[in-house]
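Asks: I have a structure here, written as structure tokens, and I will follow up with some questions on it.
The values are calculated or read from the model by the stated rules, or taken from the named source; none is laboratory data. Because the structure is predicted, anything quoted here is derived from the model rather than measured. Here the Cβ positions follow ideal geometry from the backbone for every residue, glycine too, while neighbour counts run over all protein chains shown. Calculation scope for accessible area: heavy atoms of the full protein, side chains included, ligands and nucleic acids excluded. Shrake-Rupley method; radii C 1.70, N 1.55, O 1.52, S 1.80 Å.
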Amino acid sequence: MIASNEDLKGSLTPSAPLPKPCLSYWQRTTRAYPHLNINKSTPVPSSAKYVIIGSGISGALTAFELTENDVDGKGIVILEAREAASGASSRNAGHVRPDAFRGFKHYSSLHGPDQALKIIANERLVLDRVDQFVKKYNVPCDFQLSSTFDVCMTPEFAAYEAENFEAFKKAGGDVSHVSFTNGEEAKKRTGIKDAIAAYEWPAGSSHPAKLAQWLLNSCIERGVQLFTHCPVSKVSKSETGEKLWDVHTPRGMVTTSTVIHCTNAYASLLLPQLEPHLTPNRAQAHSLIAPPAFSAENALTKTFSLRYSLHHFYSLIQRRGDGTLILGVSRANPTLSTETRRGVVTYDDGKYNDEILEDALKQWKVLFPGEEADVSGTVHGEGLDHAWTGIIGMTGDFVPFVGPVEGMDGQWVCAGFGGHGMARIFTCAPGVVKMVLGKDWSETGLPECFEFTQKRAAKMIAAQESQV
Ligand SMILES: Cc1cc2nc3c(=O)[nH]c(=O)nc-3n(C[C@H](O)[C@H](O)[C@H](O)COP(=O)(O)OP(=O)(O)OC[C@H]3O[C@@H](n4cnc5c(N)ncnc54)[C@H](O)[C@@H]3O)c2cc1C
């Protein structure tokens, strides 16, 4: 039995992002971004209309959406603990991949079938939103819309997927965009010799750091002030006026009426009420320089999730431009040692784990056998390029924390995106902006279960206790 996130958290206390994180493939290929260290030592202004904490895709898109809704950019300050967009947004595995049905039974058990339908529909909507956004603004973030395979590598997992597919369909979920293949046909279609079954649906991939940086650039052009290397240590009630908040940083204090926490895995440092419900998890990904089986006309046009079980899987995309393969590995893979699995619960993104890297390369050989697919580096320059990690924020009930912070008028949250931020942020951040600007939850179109309420918190605690 795999220990739960909550069990593994032990005495780990909430933290700000740690100094000296490793660099991902995405960061290594964008080191000349001119705003990487913007306002690195400039004091923060004493007041601002809106303060956004965090400059990942959530923070950057929140600022962008505010300016799209006629808020003057000059009234917006973004405070970032490290360099621009240095969190999970610049460290992920590049997939913009909605869940098409797989999580249905799990979400239903936690949030009820209606919310489960909405959670899955929302992810599909995000893919459309990202596609439309990139086209509308011509964003050079290497976004590729294609399709993805969920490949079932064991009969048990094929049965699990089939159950979810049927349950989702029966509950009224739309599966018209999902195609299914089995046996020999699945092997042929996916190219995976051990595939038992495969589902295919629309999905995409992108260069996530380029997307975050484009958003931050656009905000800066519209007058938004980004302060990098400026960790927020506290948000307190201001003595200067009712309904005002003081945001404390090492370079001064900003007083504001509106604070938006886009701090993902780190959100509980400033919002302690989230602490029991948010666990940092270190995820790992790898870049590989394509061997012949993935070069030129053999380059992949689809993306993959290769799944042995719910907690044991590998994600794979291939970038169109330079052909780099990005291989992500599941965190709670039961075949890994207990020590490695325990090590996942951490804020440390300064290094990668050797055992996970070894597992990734070993599995590659199983999934893609043969000399032409070899990534062991027999040809100098081919094969493993880089390994990196990033911290994702796992919530106790697998959906993000979005909306007003109860009892703290003027504070908002958009955090806790787990391994699915790219499939969620593009509706959540615009949703938060709508509410900040006075609209109701119903106008956001978001699943109601994303809101962080006392009721939801109590439910998460009860679920945790029932597992003890
Ligand atoms: C290895 C890996 C693979 C992944 N693969 C995928 C994938 O393929 N598809 C997918 O959808 N998702 C994936 N994810 C998850 C995805 O990257 C995240 O869900 C998403 O990037 C979250 O965006 P965000 O802006 O909310 O958070 P982040 O990008 O983490 O941004 C939060 C920001 O807040 C800053 N911050 C935090 N605390 C403070 C503070 N106190 N003061 C100032 N600043 C602060 C941080 O430095 C950070 O820049 C992956 C993540 C990792 C690490």
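Asks: Go through region 293-323 and give me each residue that's in contact with a Phe, Trp or Tyr (Cβ under 6 Å, 6 or more places away or on another chain), small (Gly, Ala, Ser) and free of Cβ contacts under 8 Å to residues at least 60 places away in the same chain.
Replies: Correct list: empty.
Asks: Can you find a residue in region 386-402 that is among the aliphatic types (A, V, I, L, M), away from the ligand (no atom under 13 Å from the Cβ) and in contact (Cβ under 8 Å) with a residue 60 or more places away in the chain?
Replies: For region 386-402, residues among the aliphatic types (A, V, I, L, M), away from the ligand (no atom under 13 Å from the Cβ) and in contact (Cβ under 8 Å) with a residue 60 or more places away in the chain: absent.
Rundown of residues vs (1) surrounded by 17 or more Cβ atoms within 10 Å (Cβ to Cβ); (2) not assigned by TED's automatic domain parsing to the domain that holds Gly419, yes/no style:
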{"residue": "Val175", "(1), (2)": "no, yes"}
{"residue": "Ser179", "(1), (2)": "no, yes"}
{"residue": "Tyr199", "(1), (2)": "yes, yes"}
{"residue": "Leu216", "(1), (2)": "yes, no"}
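Asks: Which of the residues spanning region 145-162 are surrounded by 14 or more Cβ atoms within 10 Å (Cβ to Cβ) and either part of a helix (DSSP H, G or I) or at pLDDT below 95 (or both)?
Replies: Listed by number, the residues that qualify are Phe157, Ala158, Tyr160, Glu161, Ala162.
Asks: Only residues that are part of a strand (DSSP E or B) and open to solvent by 50 Å² or more (accessible area, probe 1.4 Å): list them for region 223-241, please. Working first, answer last.
Replies: Step one: list which residues in region 223-241 are part of a strand (DSSP E or B), which gives 225-227, 234-237.
Result: Gln225, Lys234, Lys237.
Asks: Search region 324-353 for residues that are outside the structural domain of Thr301 (by TED's automatic domain parsing) and pair each with any residue that is open to solvent by 10 Å² or more (accessible area, probe 1.4 Å) and assigned to a loop (DSSP other than H, G, I, E, B) when their beta-carbon atoms are under 6 Å apart and the residues are at least 6 apart or on different chains.
Replies: none
Asks: Answer yes or no as to whether Asp142 is in a loop (DSSP other than H, G, I, E, B) and within 16 Å of the ligand (Cβ to nearest atom).
Replies: Yes; evaluated as a whole, the condition is true for this residue.
Asks: Next question. Would you mention how many residues in region 407-426 are at negative phi, more than 9 Å from the ligand (Cβ to nearest atom) and either within 13 Å of the chain's Cα centre (by Cα) or open to solvent by 10 Å² or more (accessible area, probe 1.4 Å) (or both)?
Replies: 4
Asks: Being surrounded by fewer than 21 Cβ atoms within 10 Å (Cβ to Cβ) and either in contact with a Phe, Trp or Tyr (Cβ under 6 Å, 6 or more places away or on another chain) or assigned to a strand (DSSP E or B) (or both): is that true of Asp246 here?
Replies: When the stated conditions are applied, Asp246 passes them.
Asks: A follow-up question, please. So, in region 229-247, exactly how many residues are more than 10 Å from the ligand (Cβ to nearest atom) and either among the charged types (D, E, K, R) or touching a Ser or Thr at 6+ places or on another chain (Cβ under 9 Å) (or both)? Before the answer, list the steps.
Replies: Taking region 229-247 and keeping what is more than 10 Å from the ligand (Cβ to nearest atom), we get 236-246.
Narrowing further to those that are either among the charged types (D, E, K, R) or touching a Ser or Thr at 6+ places or on another chain (Cβ under 9 Å) (or both): 237-246.
The number of residues fulfilling the criteria is 10.
Asks: Which condition breaks for Glu184 when tested against (1) open to solvent by less than 50 Å² (accessible area, probe 1.4 Å); (2) in a helix (DSSP H, G or I)?
Replies: Result: Glu184 passes all but (1).
Asks: Can you tell me which residues in region 191-222 are in contact with a Ser or Thr (Cβ under 8 Å, 6 or more places away or on another chain), assigned to a loop (DSSP other than H, G, I, E, B) and touching a residue at least 60 places away in the same chain (Cβ under 8 Å)?
Replies: Correct list: His207, Arg222.
Asks: Counting only residues that are surrounded by fewer than 14 Cβ atoms within 10 Å (Cβ to Cβ) and of a type in the set (Gly, Ala, Ser), which one in region 328-371 is nearest to Ala85 (Cα to Cα)?
Replies: Step by step, filter region 328-371, then rank; the result is Gly350.
Asks: Out of all the residues in region 40-50, is one or more open to solvent by 50 Å² or more (accessible area, probe 1.4 Å), hydroxyl-bearing (Ser, Thr, Tyr) and away from the ligand (no atom under 16 Å from the Cβ)?
Replies: yes
Asks: Taking Leu274 as meeting all but one of (1) open to solvent by less than 30 Å² (accessible area, probe 1.4 Å); (2) out of contact with any helix residue (DSSP H, G or I) (no Cβ under 9 Å at 6 or more places or on another chain); (3) assigned by TED's automatic domain parsing to the domain that holds Asp246, write down the number of the exception.
Replies: (2)
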